[in-house]
1. Taking only C-alpha pairs under 8 Å that are 6+ residues apart, what is the relative contact order of segment 3-143 in percent?
2. Can you pull the three principal axis extents for the Cα set of segment 156-214, in Å, largest first?
3. Relative contact order for the chain using alpha-carbon pairs under 8 Å, separation at least 6, rounded to a whole percent?
4. In Å², what does the accessible area per residue of segment 231-286 work out to with a 1.4 Å probe?
5. Net charge within 13 Å of S64 by Cβ-Cβ distance, Lys/Arg positive one each and Asp/Glu negative one each, not counting S64 itself?
6. Report the calculated FRET efficiency for L139 and D217 (r = Cβ-Cβ distance, R0 = 30 Å), to the nearest 0.05.
7. Work out Dmax and Rg for segment 3-143 from the C-alpha atoms and quote the Rg first, both in angstrom.
8. Per residue, what volume in Å³ does the Cα convex hull of segment 118-186 take up?
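The values are calculated or read from the model by the stated rules, or taken from the named source; none is laboratory data. Note that the structure is a prediction, hence the values are computed from the model and not measured. Neighbour counts run over all protein chains shown; Cβ positions are idealised from the backbone, glycine included. For the accessible areas, the whole protein counts, side chains as well, though only heavy atoms, and no ligand, DNA or RNA atoms are used. Shrake-Rupley method; radii C 1.70, N 1.55, O 1.52, S 1.80 Å.
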Amino acid sequence: MDLTNRVFEFADDIGPEKIVHLYEPRSQTKAIVVIDNVAAGPALGGVRMALDVTTTEVVRLSRSMTYKNIMAGLPHGGGKSGIIADPKTVNKEHVIRTFARGINSLTDYIPGPDMGTDETSMAYVYDETGRAAGLPRELGGIPLDEIGATAYGTAVCADIAQEYINLDLNGARLTIEGFGNVGKPAARFFAERGAILVGASDSNGTIYNKNGLDVDDLIRIKETTGSVTNYKDGEVLESTDLLMISTDIFLPAARPDVINEGNSDVIDAGLIIEAANIPITEKAEKILHDRGILVIPDFIANAGGVITASVEYHGGTETQAFDRIKYSISRNTKEILDKVYSENTYPRDTAVSIAKQRVLRAMKYREWI
Ligand code: NAD
């Protein structure tokens, strides 16, 4: 099957509206931009830079942004882009500026940071196009990773979810896969609620102590040595061993599809909050739910970053961003879990159905349907 047929496999009654491939011959910069749906407003979504980013991945992520933005009540549709390059080796400023010039005419897309790009990248995009969110503080930005915006949202989500299952965050065991921009501040926000971090992983391995890891110390070790495995008061295991640790709350905050049909039966947790994008396959989410493990879908739980980007774009403050994250994520988590437990449905099915109805309503307001 050729590429055209493959990407249109994902097309349905709401999008994607535009799939654009960019190529700049001089520097051979290659990029993909997908604008999924702009009924609620110009599409807001991150720019991912990775050697292996694909069109189908960007199509899937752009739909996720449509749902995330409409659920958060933002005046934005969903989009995403991918620059096919290695962020560690490339001349980043040149590639980002080239990309930005390429998207200048796509005025219904507002880029933000994602894996492989950051606030500095957005400063270059802003300089070229006048459109970007997730800017440095000096340009009026709210540094969403520095303030732990996404991490804060996952803790807010847990505040609500605990009321639906027999769980008290105070004293609950917590494990975190991926100790990066989301994982580290999440450990702090959960510690403030009394949770005990018993395991954390990164690409080098897992650190485990059933009596608890000192969160501040672990963050310091990760930042100064590059890996959680250099923390002294704990057992060092393989990265994948984190999934075997018995826990009350598990926060996947790194890779896609980390829990799948092959390992969903070994997970021993009460609550899983999807901090990463697509960390669990849809089939595995259902298996976990049937086993009594509550899984909060990514586009509900990890909206803190895009909410902050939107607040920034519309001239708001850091305090307003935190208030908005709390309000939107609490309200959405409640709405979904009320339905899940009263109608006996799966969390993702419920969340997608609510999000899609909202997109269709927004399309109706525009007289598109
Ligand atoms: P990051 O690069 O700062 O951190 C990722 C962490 O995962 C690193 O500590 C890395 O060592 C670790 N890791 C890599 N491979 C691993 C493996 N095999 N096992 C265990 N750990 C591994 O990235 P981030 O910004 O924290 O984003 C993490 C996830 O959250 C991504 O899926 C991202 O799309 C999603 N997300 C991030 C934000 C945000 O605000 N940063 C917002 C929404 C969603």
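1. 23
2. Computed over segment 156-214, the largest-to-smallest principal extents equal 35, 24, 18 Å.
3. 15
4. With all protein chains present, segment 231-286 gives 44 Å² per residue.
5. +1
6. 0.30
7. 14.1, 44
8. Details: hull volume 7.5 nm³, N = 69.
Value for segment 118-186: 109 Å³ per residue.
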